[in-house]
Amino acid sequence: MIDLFYWPTPNGWKASIMLEELGAPYELHLVNILQGDQFKKDFLKIAPNNRMPAIVDSDGPDGKPVSVFESGAILQYLGRKFERFYPQDERTRIAVEEWLFWQMGGLGPMAGQAHHFVRYAPEQIPYAMDRYVNECKRLYGVLEKRLKDRDFLAGEYSIADIASFGWAVSHEWHRVDFDEFPNVRAWFEKISSREAVQRGLAVGAEKIAETRALADDEEAKKNLFGKK
């Protein structure tokens with residue numbers, strides 16, 4: 001049994017989609033990031049960066065429990081454990097890891113900053129909004145070129161696609177129009193049609209409205225952005 005510590009966000013969806021794709025048994029633990037659950041001592045023991053998702057696998061290496069934090073590391077761990085969506089062939093694995101880390105170091109952080117300055121910042125800062133929105137569009141341009149002659153980022157459907165898809169779900173939040181990126185749209189629709197992906201997006205879906213409703217709540221903002 002795998003314990004999933006989760007909230008329905010782009011990073012959270014990576015883990016829920018992966019577990020649904022694997023058909024792995026898991027128990028859901030909602031980490032309400034608006035109410036500050038991510039700062040609780042028990043959670044910090046498994047996720048010292050006070051960010052979800054995180055997992056605890058009761059049947060880890062050598063049969064002993066192991067906890068994993070950071071969404072990219074979770075995808076890699078589960079891919080190795082179940083030997084799915086993370087190829088064994090070294091050349092293909094290199095490509096998967098390139099695009100996984102492209103998302104972790106580029107698309108995710110830039111889209112996250114765009115979300116902050118466009119939707120949540122206490123004041124509108126045109127330079128900041130333009131900086132991150134334009135960088136998101138540049139990154140989608142990179143994705144568009146990569147998908148010109150292929151269905152998925154690194155051969156067959158893999159953890160690289162799962163990682164980027166989680167953020168592409170929120171493309172309108174970072175002011176990206178898929179009409180400008182037809183190859184990305186085709187890739188997105190192909191992944192969206194997978195039943196496991198739909199189940200992964202549905203995990204905790206009732207909390208999405210709560211997240212949006214509380215986005216203007218000062219205490220929620222403090223928990224999301226203000227604590228050190």
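The values are calculated or read from the model by the stated rules, or taken from the named source; none is laboratory data. Values in this document were obtained by computation on a predicted structure and should not be read as measured data. Don't worry about glycine lacking a Cβ; one is built from the backbone with ideal geometry, like all the others, and counts go over all protein chains shown.
State whether one or more residues within region 122-144 are out of contact with any Lys or Arg (no Cβ under 7 Å at 6 or more places or on another chain), loosely packed, with under 13 Cβ neighbours inside 10 Å, among the aromatic types (Phe, Trp, Tyr) and modelled with pLDDT under 90. No - not one qualifying residue is present in region 122-144.
Within the bounds of region 167-182, is there any residue that is part of a helix (DSSP H, G or I), of a type in the set (Val, Ile, Thr) and either more than 30 Å from residue 121 (Cα to Cα) or in contact with a helix residue (DSSP H, G or I) (Cβ under 6 Å, 6 or more places away or on another chain) (or both)? Among the residues of region 167-182, not one is part of a helix (DSSP H, G or I), of a type in the set (Val, Ile, Thr) and either more than 30 Å from residue 121 (Cα to Cα) or in contact with a helix residue (DSSP H, G or I) (Cβ under 6 Å, 6 or more places away or on another chain) (or both), which makes the answer no.
Of the residues 104, 110, which single one is touching a Leu at 6+ places or on another chain (Cβ under 7 Å), part of a helix (DSSP H, G or I) and within 28 Å of residue 135 (Cβ to Cβ)? Answer to the selection: 110.
Listed here are the residues, each with its yes/no results for (1) in contact with a Lys or Arg (Cβ under 8 Å, 6 or more places away or on another chain); (2) over 19 Å from residue 169 (Cα atoms).
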{"residue": "75", "(1), (2)": "yes, no"}
{"residue": "84", "(1), (2)": "no, yes"}
{"residue": "91", "(1), (2)": "no, yes"}
{"residue": "102", "(1), (2)": "no, no"}
{"residue": "114", "(1), (2)": "yes, no"}
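In region 150-193, the qualifying residues are those that are modelled with pLDDT under 95 and out of contact with any Lys or Arg (no Cβ under 9 Å at 6 or more places or on another chain), and the one that is nearest to residue 95 (Cα to Cα) is 155. Looking only at residues of region 65-89 that are aliphatic (A, V, I, L, M) and not in a strand (DSSP E or B), we find that the one that is surrounded by the fewest Cβ atoms within 10 Å (Cβ to Cβ) is 73.
If you go through region 41-64 and pick out every residue that is surrounded by 12 or more Cβ atoms within 10 Å (Cβ to Cβ) and either outside the structural domain of residue 25 (by TED's automatic domain parsing) or not acidic (Asp, Glu) (or both), you end up with 13.
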